[in-house]
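Okay, so here's the structure we're looking at.
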Amino acid sequence: WTWPINGLRHQASGDASGWYVWTGELSTAADFFVPLHTEHLVDRVPELSAYLGLPPGSRFLLASGYEDVWRDETLLDVHQQ
């Protein structure tokens, strides 16, 4: 993985937690987001375990020596996207 690490959480749906986590620059490619079980994600990037308990509507940005966590209410209504 590479810096930065970005995460955002929509409402959970079915078996999905609502989390979308990516590293580096965001891409619109159809295969950019690859489903990965949370356990495997934390195995790859242990620092994420502290953030995955955040509620829907949360975002985070992690970089070397930098952390930002904030609320984004637009994530709660996917029809606004």
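The values are calculated or read from the model by the stated rules, or taken from the named source; none is laboratory data. Owing to the predicted nature of the structure, the values given are computational and were not obtained by experimental measurement. In this analysis, Cβ positions are derived from the backbone assuming ideal geometry, glycine residues included, and neighbour counts consider all displayed protein chains. Areas reflect the complete protein model, heavy atoms only, side chains present, ligands, DNA and RNA absent. Shrake-Rupley method; radii C 1.70, N 1.55, O 1.52, S 1.80 Å.
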Query raised in the report: For region 28-74, how many residues meet the condition of being open to solvent by 70 Å² or more (accessible area, probe 1.4 Å), modelled with pLDDT under 90 and either of a type in the set (Phe, Trp, Tyr) or in contact with a helix residue (DSSP H, G or I) (Cβ under 7 Å, 6 or more places away or on another chain) (or both)?
Result: 1
Report summary line: Those residues of region 9-27 which are assigned to a strand (DSSP E or B) and either in contact with a helix residue (DSSP H, G or I) (Cβ under 6 Å, 6 or more places away or on another chain) or more than 21 Å from LEU76 (Cα to Cα) (or both) amount to THR23
Query - Qualifying positions in region 5-17 - surrounded by 14 or more Cβ atoms within 10 Å (Cβ to Cβ) and under 14 Å from HIS37 (Cβ atoms) - result: SER17
